[in-house]
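Worksheet: one structure, shown below.
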Amino acid sequence: MENTDWDASPDYKEVEAELRRISSDWQKIKDVEQGVGQKQWNKLSKIRTAIYEKLDVVYDRNIEAKNLLIEQAQALFETDVKEDSFDKLKLLQSRWKQVGITRRKEDQVAWKRFKSATDNFFEKIQGIRKAKRADEDAQLQGYRQISQQIQELAKIATDLAEADTTFDRLQAEYKELPELPRG
């Protein structure tokens, strides 16, 4: 408690780990006279309480930050999701990782909510991508069909005038197709 500079934002995870280690070591000590042991326990409890008061401030601030990120992820899902929205979600996920320690139970609840919001977003993006791929596949299928018909025409053409007419028709159909998707 005295050796930690609480104003300089210490490594709170390390503080927690040290408290757990001290508590674990305390429990290993057995045969102690009750009066003296109780006096030492009261002293340790007082110090632990003071440390947890410091940690509670950090826990509350960090869970607030995580709840804000959850709200932002839910808002992102509720907006008109586009491919460029994906970068915004990645930024939120990155910021989530940067938030410091929280109480374990609160963190687990917050994580489930955040994960649910991001999973919903990913499902929406996947739906958009599937629809886009289906459109692109439909466009490509038109090009493939005309290309196959031209190849078949080249293989079986016997009458040059008839082949020219068929080729002109296929060429006109080709030009009417929508622009090829990029990539």
request  = Mind listing whichever residues of region 1-47 are β-branched (Val, Ile, Thr) and either touching a strand residue (DSSP E or B) at 6+ places or on another chain (Cβ under 7 Å) or assigned to a helix (DSSP H, G or I) (or both)?
outcome  = Val15, Ile22, Val36, Ile47
Scan of region 115-135 for residues that are of a type in the set (S, T, N, Q) and surrounded by 14 or more Cβ atoms within 10 Å (Cβ to Cβ), ordered by number = Ser116, Thr118, Asn120
task = Hey, could you check region 144-183 for residues that are assigned to a helix (DSSP H, G or I) and β-branched (Val, Ile, Thr) and say which is surrounded by the fewest Cβ atoms within 10 Å (Cβ to Cβ)?
result = Ile156
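Return the residues of region 86-114 that are farther than 16 Å from Leu68 by Cβ and either open to solvent by 90 Å² or more (accessible area, probe 1.4 Å) or assigned to a helix (DSSP H, G or I) (or both); say none if nothing qualifies.
Taking region 86-114 as the starting set, the residues that turn out to be farther than 16 Å from Leu68 by Cβ are 86-87, 90, 101, 103-105, 108, 112.
Once the filter is applied, which keeps residues that are farther than 16 Å from Leu68 by Cβ and either open to solvent by 90 Å² or more (accessible area, probe 1.4 Å) or assigned to a helix (DSSP H, G or I) (or both), region 86-114 yields Phe86, Asp87, Lys90, Arg104, Lys105, Gln108, Lys112.
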ask   = Could you say which residue among Arg104, Arg133 is among the basic types (Lys, Arg) and farther than 30 Å from Ile63 by Cβ?
value = Arg133
request  = Kindly indicate the residue of region 38-56 that is touching a residue at least 12 places away in the same chain (Cβ under 8 Å) and of a type in the set (D, E, K, R) and also least open to solvent (accessible area, probe 1.4 Å) among those meeting that condition.
outcome  = Arg48
ask   = Restricting the search to region 64-85, which residues are part of a helix (DSSP H, G or I) and touching a residue at least 12 places away in the same chain (Cβ under 8 Å)?
value = Ala65, Lys66, Asn67, Leu69, Ile70, Gln72, Ala73, Gln74, Leu76, Phe77, Ser85
request  = Test Leu160 against the stated conditions and say whether it is among the hydrophobic types (A, V, I, L, M, F, W, C) and out of contact with any helix residue (DSSP H, G or I) (no Cβ under 7 Å at 6 or more places or on another chain).
outcome  = yes
query = Name the pairs whose Cβ atoms lie under 7 Å apart, with the first residue in region 121-141 and touching a residue at least 24 places away in the same chain (Cβ under 8 Å), the second open to solvent by 60 Å² or more (accessible area, probe 1.4 Å) and part of a helix (DSSP H, G or I), and 6 or more positions between them or separate chains?
reply = Phe121/Phe77; Lys124/Phe77
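The values are calculated or read from the model by the stated rules, or taken from the named source; none is laboratory data. All figures in this text were calculated on a predicted structure; none of them were measured in a lab. With ideal geometry, Cβ positions are generated from the backbone for all residues, glycine too; neighbour counts draw on all protein chains shown. With ligands, DNA and RNA removed, areas are computed over all heavy atoms of the protein, side chains included. Shrake-Rupley method; radii C 1.70, N 1.55, O 1.52, S 1.80 Å.
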